[in-house]
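One structure is given below, encoded as structure tokens.
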Amino acid sequence: MMIRQKFLGAAMGAAVLSLALGVAPATEALAKTLKDAVGLAPSSVQYYAHSRLADYVKEHTKDLRIKVYSMSLLNLKETPAGVRDGIADMGFVLPPYFPAEYSEFNLAANVSMLATTGRRVESPGAAMAGATNEYVFLNCPECLAQFEHENQVYLGTSASPTYIMLCTKPIRTMEDLKGRRFRSGAANFGRWAEHFGGIKVSISANDVYEGLGQGVIDCAMLSATELTNLSLFDVVKFVTRRIPGGVYSGVATNNMNLDSWRSLSLEDRKVLLKGSARVQADNTWKFYADAKKNLEDAPGKGVEVIEPDPAILTQSDEFVKGDMKVIAEQFRNDYGVANTDEKIAKLAELTEKWKTLTEGIENDPEALFEVYWKEVFSKLDPATYGMQ
């Protein structure tokens with residue numbers, strides 16, 4: 001009896017000591033942990049969605065875990081190379097920062113203004129995310145090959161709400177657009193600014209706060225989500241809705257390092273594919289919900305919300321129609337992308353299809369997950385996807 005008590009006491013002491021020293025219990029020690037880089041703050045939509053993915057993976061696998069690093073591992077510009085080189089196993093990748101390396105995917109990202117032209121819907125982001133996922137996974141082997149060339153596995157795209165103007169000076173009329181400096185996160189938005197006499201400025205999302213605060217830019221073309229995502233309520237004084245339009249879909253939400261992906265078991269890859277459908281839904285929904293709330297909260301925070309002159313909207317629609325030809329020519333001539341006209345036509349077709357598929361469920365992340373899973377992610381075979 002005494003021996004048994006001594007043994008139990010020693011075992012308990014060892015357990016307490018291991019916890020004190022930060023030694024994980026045996027089950028945790030045996031777990032495989034993926035390092036996930038999100039180059040944005042813990043308050044961001046992206047961190048929320050990646051944390052939800054980590055919870056989902058923990059719940060549905062025996063020994064796979066995801067540790068999400070917010071800004072501490074890699075910033076936004078470092079993430080593509082960091083995932084490629086294995087500094088992170090997974091990361092929030094923005095392909096438009098590297099136009100040549102991801103030219104096939106960036107073609108799709110550049111036509112995102114189709115989401116806010118033609119038939120108008122409540123959440124163009126939900127539609128564009130669906131259209132982009134279907135296009136890249138099921139219709140663009142060249143896109144997947146370019147990701148693989150960068151030692152990455154593409155696991156899906158989420159999208160922002162409508163891009164609007166977040167400014168330090170008011171934008172009401174076409175005259176107000178002339179000579180203003182606009183932050184552009186993608187080439188199509190830069191062309192839009194120049195079309196109306198503005199000046200495009202290319203800076204990282206991480207630098208927008210400082211750019212507005214120091215007068216480097218007058219406006220940032222971003223979604224209203226970024227008022228909280230990037231703490232822009234501190235520096236923005238005016239918000240002009242509806243323009244430039246479009247959404248930001250130049251996102252590979254949770255790309256994985258190719259070697260890390262191939263090291264996983266079949267069961268773990270199954271879970272990650274389903275979790276990836278969820279992370280696209282979570283990210284897209286949270287973007288939409290936060291943008292809506294921020295616009296409602298803006299007047300109470302001293303930010304004027306402006307409806308633009310209808311003439312700008314009319315000219316903007318005309319710009320988008322003409323810009324599709326510019327995009328086709330640019331990607332054909334500058335980046336050697338073949339069949340650009342046909343690819344843009346396919347993207348336009350898918351965008352209209354997904355406006356219908358996502359209509360009425362924009363504020364329901366579970367319903368968004370179900371439609372993304374059913375229409376796209378369930379058609380991927382975890383035994384072969386990213387394995388050849």
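Here, each number is a calculation from the coordinates, and none is a lab measurement. Predicted model only: the values in this text are computed from it and were never measured. Counting neighbours? That spans all protein chains shown, and the Cβs are built from the backbone with ideal geometry, glycine included.
Some points to look at:
- With a cut-off of 11 Å between beta carbons, the residues surrounding PHE331 carry a summed charge of -2, where Lys and Arg count +1 and Asp and Glu -1.
- A Cβ-based charge dipole, computed about the Cα centre of segment 231-380 with Lys and Arg at +1 and Asp and Glu at -1, lands at about 420 debye.
- Charge-dipole axis of the chain as Lys and Arg at +1 and Asp and Glu at -1 on Cβ define it, positive-most pick from LEU144, GLY300, LEU64: LEU64
- Descending by average beta-carbon neighbour count within 10 Å, the peptides 124-130, 106-112 line up as 124-130, 106-112, the highest first.
- Nearest 10 degrees, 0 to 90: helix 310-335 Cα axis against the chain principal axis: 60 degrees
- Annotation: segment 164-240 has a Kirkwood hydrodynamic radius of 12.0 angstrom, from the mean reciprocal C-alpha pair distance.
- For segment 328-374, the extents of the C-alpha atoms along the principal axes are 41, 17, 16 Å, listed from largest to smallest.
- Other residues whose C-beta falls under 14 angstrom from the C-beta of TYR372 contribute a net charge of -2, scoring Lys and Arg +1 and Asp and Glu -1.
- Rounded to 5, percent antiparallel among DSSP beta bridges of the chain: 40 percent
- Helix 365-375 axis versus longest C-alpha principal axis of the chain: approximately 90°, rounded to the nearest ten.
- Computed magnitude of the charge dipole of the chain (debye, nearest 20; Cβ of K, R +1, Cβ of D, E -1): 760 debye
- Whether segment 236-370 is rounded, prolate or oblate, judged on the alpha carbon gyration tensor where a/c under 1.5 counts as rounded: oblate
- For the cross-link pairs LYS169/LYS292; LYS274/LYS321; LYS200/LYS355; LYS67/LYS346; LYS274/LYS301; LYS35/LYS200, the ones whose C-alpha atoms lie over 28 Å apart are LYS274/LYS321; LYS200/LYS355; LYS67/LYS346; LYS274/LYS301; LYS35/LYS200.
- Proximal aspartates and glutamates to LYS58, defined as alpha-carbon separation beneath 12 angstrom and excluding residues fewer than eight positions away on the same chain: GLU28, ASP268
- Listed values (i) -0.44, -1.42; (ii) -0.38, -1.30; (iii) -0.42, -1.18, entry calculated as log10 I(q)/I(0) by the Debye sum over Cα atoms at q = 0.08, 0.14 Å⁻¹: (iii)
- For the chain, the longest principal axis of the alpha carbon atoms and the long axis of helix 45-60 meet at an angle near 30°.
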